[in-house]
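There's a structure below that I have some questions on.
The values are calculated or read from the model by the stated rules, or taken from the named source; none is laboratory data. None of these values were measured; they are calculated from a predicted model. Note that each Cβ is placed from the backbone with ideal geometry, even for glycine, and that neighbours are counted across all protein chains shown.
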Amino acid sequence: MKNIQSKADLAINGAPPAFDEPLHVGRPNVGEKAEFLKHVDDIFESKWLSNNGPKVQILEQRVADYHSVKHCVAMSNGTIALEIAIRALELEGEVIIPSYTFIATAHALSWQGITPIFADIDPDTHCLDPDSVRKMISPNSTGIIGVHLWGQTAPVDELQKIADQHNLKVMFDAAHAFGCSYKGQMIGNFGEAEVLSFHATKLFNTFEGGAVLTNNDALAEKMRLMRNFGFSGLDNVIYSGTNGKMTEICAAMGLVNLASLDAVIEHNRLNYLAYQNGLAELSGVTLLPFDERETNNYQYVVIEVDETCSVDRDVLSEVLQAENIIVRKYFWPGCHNMLPYRQLYPNASAMLERTVKTSEQVLVLPSGTAMNAESINTVIKIIEVSLK
């Protein structure tokens, strides 16, 4: 290991940081400002600000068409979308999820009195391992939530087979997988439903927002009721619900960003290739590959810093942070090691060895439209120097 004693030692040759402004993971991709302002003018003219407005309806149809799915139910954010989908599916008791995911996947269950049961991952994809899922099934199990992590799709067929064998329901957290495919079919078409996040840091954003994709007509109608307090027409409440509606201004941002999405994905692809080329010869650092047989969004550039590397992951992270390269240790230390879940499962790490190891090795590097070949080459050079 390098003998780096303090953060002051981390800047290369004692020079100022490599970048004047921080480079962040997930810096927002935004479309044309002029087009957005046209939508804003429409909203001011119509004075229709929320309550399933015309721009929300248009966005829902376009997102559904983009994924070749029947229904897109837009929501105020991805977590609310998860909660509403979970409740609409009438999940209860225990639901199996990966520990290696954003905490919202677990919280969306816990907030509704459902116990998240953490399963281990496949170290090659960072998605749920079907064998681990089987071990976690109990008489209290009612469902499985697979997570399509980094745009890598979960093992859809195997999870559905397990669910069918044990009379469980399957849904997917697809927050990372907008525009991705599994065996040539776009996400949104698997399980009972798939949940998208349109948070500002995601590939596709609506400032803040989310949605549920499904081919189930009855489920879509149920979720539309639930996001609007259970109203069916004026003054007619027929179902227990909440306020999960998307606003018109958020939908306007989505329409603008959707128009430029293919260009953003192509930019991400070129960023990924630049990282792939620059990192190829570095010992102990491995770039997580995309499956080029599938449609990918190339949203996340993920490296693993293994035990053969001359510095460990945390040291490399500190070096990059000191150079204004704000990398992230997603999803360290795993949901099972975060409060309140580590109190519920104090010995869970023994069953989640691959989750623990992966969470201690992963770094997510800056990408998106804020990055270009020059900035990526600088990041790579700093990593090279750090490993010498």
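Report every pair of residues separated by at least 6 positions or lying on different chains whose Cβ atoms are under 7 Å apart, first residue within segment 181-198 and in contact (Cβ under 8 Å) with a residue 12 or more places away in the chain, second in a strand (DSSP E or B) and basic (Lys, Arg).
192/169
How many of the residues making up segment 260-272 are among the small types (Gly, Ala, Ser) and in a helix (DSSP H, G or I)? Talk me through it step by step, then tell me what you get.
Step one: list which residues in segment 260-272 are among the small types (Gly, Ala, Ser), which gives 260, 263.
Remaining after also requiring in a helix (DSSP H, G or I): 263.
Summing the residues that are among the small types (Gly, Ala, Ser) and in a helix (DSSP H, G or I) in segment 260-272 gives 1.
Do you know which of the residues in segment 23-41 that are in a helix (DSSP H, G or I) and touching a residue at least 24 places away in the same chain (Cβ under 8 Å) is surrounded by the most Cβ atoms within 10 Å (Cβ to Cβ)?
Taking segment 23-41 as the starting set, the residues that turn out to be in a helix (DSSP H, G or I) are 33-41.
Now drop any that are not touching a residue at least 24 places away in the same chain (Cβ under 8 Å), which leaves 35-36, 39-40.
Details: 35: 15, 36: 16, 39: 18, 40: 14.
Among residues in segment 23-41 that are in a helix (DSSP H, G or I) and touching a residue at least 24 places away in the same chain (Cβ under 8 Å), the one surrounded by the most Cβ atoms within 10 Å (Cβ to Cβ) is 39.
Given the conditions (1) in a helix (DSSP H, G or I); (2) crowded, with 22+ Cβ neighbours inside 10 Å, and given that residue 331 satisfies all but one, which numbered condition is not satisfied?
(1)
If you go through segment 42-61, how many residues are in contact (Cβ under 8 Å) with a residue 12 or more places away in the chain and of a type in the set (Lys, Arg)?
Looking only at that region, the number is 1.
Those residues that are surrounded by fewer than 19 Cβ atoms within 10 Å (Cβ to Cβ) and either touching a Ser or Thr at 6+ places or on another chain (Cβ under 8 Å) or on the phi > 0 side of the Ramachandran plot (or both), I need them from segment 298-314; list them, please.
Hits for segment 298-314 are 306, 308, 310.
Which one of these does residue 271 not meet: (1) in contact with a Lys or Arg (Cβ under 9 Å, 6 or more places away or on another chain); (2) buried (at least 18 other Cβ atoms within 10 Å of the Cβ)?
Residue 271 satisfies all of (1) in contact with a Lys or Arg (Cβ under 9 Å, 6 or more places away or on another chain); (2) buried (at least 18 other Cβ atoms within 10 Å of the Cβ) except (1).
Which residue out of 295, 286 is of a type in the set (Ser, Thr, Tyr), surrounded by fewer than 19 Cβ atoms within 10 Å (Cβ to Cβ), outside the structural domain of residue 178 (by TED's automatic domain parsing) and not in a loop (DSSP other than H, G, I, E, B)?
Exactly one of 295, 286 is of a type in the set (Ser, Thr, Tyr), surrounded by fewer than 19 Cβ atoms within 10 Å (Cβ to Cβ), outside the structural domain of residue 178 (by TED's automatic domain parsing) and not in a loop (DSSP other than H, G, I, E, B), namely 286.
Give me the pairs, please: first residue somewhere in segment 166-179 and within 29 Å of residue 139 (Cα to Cα), second residue anywhere and among the aromatic types (Phe, Trp, Tyr) and surrounded by 24 or more Cβ atoms within 10 Å (Cβ to Cβ), beta-carbon distance under 8 Å, and either six or more positions apart or on two chains.
Listed pairs, sorted by first residue: 170/190; 172/190.
Moving on. When the residues of segment 360-377 are filtered to those that are of a type outside the set (A, V, I, L, M, F, W, C) and touching a Leu at 6+ places or on another chain (Cβ under 9 Å), which remaining residue is farthest from residue 29 (Cα to Cα)? Walk me through how you get there before you give the answer.
At the first step, the residues of segment 360-377 found to be of a type outside the set (A, V, I, L, M, F, W, C) are 360-361, 366-369, 372, 374-375, 377.
Next, from what is left, pick out any that are touching a Leu at 6+ places or on another chain (Cβ under 9 Å): 366, 368, 372, 375.
On the way: 366: 13, 368: 7, 372: 13, 375: 17 Å.
For segment 360-377, the residue satisfying everything is 375.
Looking only at residues that are farther than 14 Å from residue 133 by Cβ and among the polar types (S, T, N, Q) in segment 145-168, which one is surrounded by the most Cβ atoms within 10 Å (Cβ to Cβ)?
The initial filter retains those residues of segment 145-168 that are farther than 14 Å from residue 133 by Cβ, namely 148-153, 167.
Okay, now just the ones that are also among the polar types (S, T, N, Q), so 152-153, 167.
Values: 152: 24, 153: 26, 167: 8.
Applying the filter and picking the extreme gives 153.
For the condition in contact with a Cys (Cβ under 7 Å, 6 or more places away or on another chain) and surrounded by fewer than 19 Cβ atoms within 10 Å (Cβ to Cβ), what is the one hit in 208, 221?
Details: 221 fails: in contact with a Cys (Cβ under 7 Å, 6 or more places away or on another chain).
Being in contact with a Cys (Cβ under 7 Å, 6 or more places away or on another chain) and surrounded by fewer than 19 Cβ atoms within 10 Å (Cβ to Cβ) holds for just one of 208, 221, which is 208.
Given the conditions (1) in contact with a helix residue (DSSP H, G or I) (Cβ under 9 Å, 6 or more places away or on another chain); (2) of a type outside the set (A, V, I, L, M); (3) on the phi > 0 side of the Ramachandran plot, report the number of the one that residue 324 does not fulfil.
(1)
Which condition breaks for residue 191 when tested against (1) touching a strand residue (DSSP E or B) at 6+ places or on another chain (Cβ under 8 Å); (2) of a type outside the set (Asp, Glu); (3) within 26 Å of residue 266 (Cβ to Cβ)?
Against the list (1) touching a strand residue (DSSP E or B) at 6+ places or on another chain (Cβ under 8 Å); (2) of a type outside the set (Asp, Glu); (3) within 26 Å of residue 266 (Cβ to Cβ), residue 191 comes up short only on (3).
Still on this structure, please answer the following. If you go through segment 332-341 one residue at a time, do you hit one that is under 30 Å from residue 261 (Cα atoms), aromatic (Phe, Trp, Tyr) and in contact with a strand residue (DSSP E or B) (Cβ under 6 Å, 6 or more places away or on another chain)?
Initial filter on segment 332-341 (under 30 Å from residue 261 (Cα atoms)): 332.
Those still in the list that are aromatic (Phe, Trp, Tyr) too: 332.
In the following step, the residues that additionally are in contact with a strand residue (DSSP E or B) (Cβ under 6 Å, 6 or more places away or on another chain) were identified as none.
Scanning segment 332-341, I find no residue that is under 30 Å from residue 261 (Cα atoms), aromatic (Phe, Trp, Tyr) and in contact with a strand residue (DSSP E or B) (Cβ under 6 Å, 6 or more places away or on another chain), so the answer is no.
Does residue 345 satisfy the criteria of being of a type in the set (Phe, Trp, Tyr), modelled with pLDDT under 95 and closer than 21 Å to residue 99 by Cβ?
On the way: of a type in the set (Phe, Trp, Tyr): yes; modelled with pLDDT under 95: yes; closer than 21 Å to residue 99 by Cβ: yes.
When the stated conditions are applied, residue 345 passes them.
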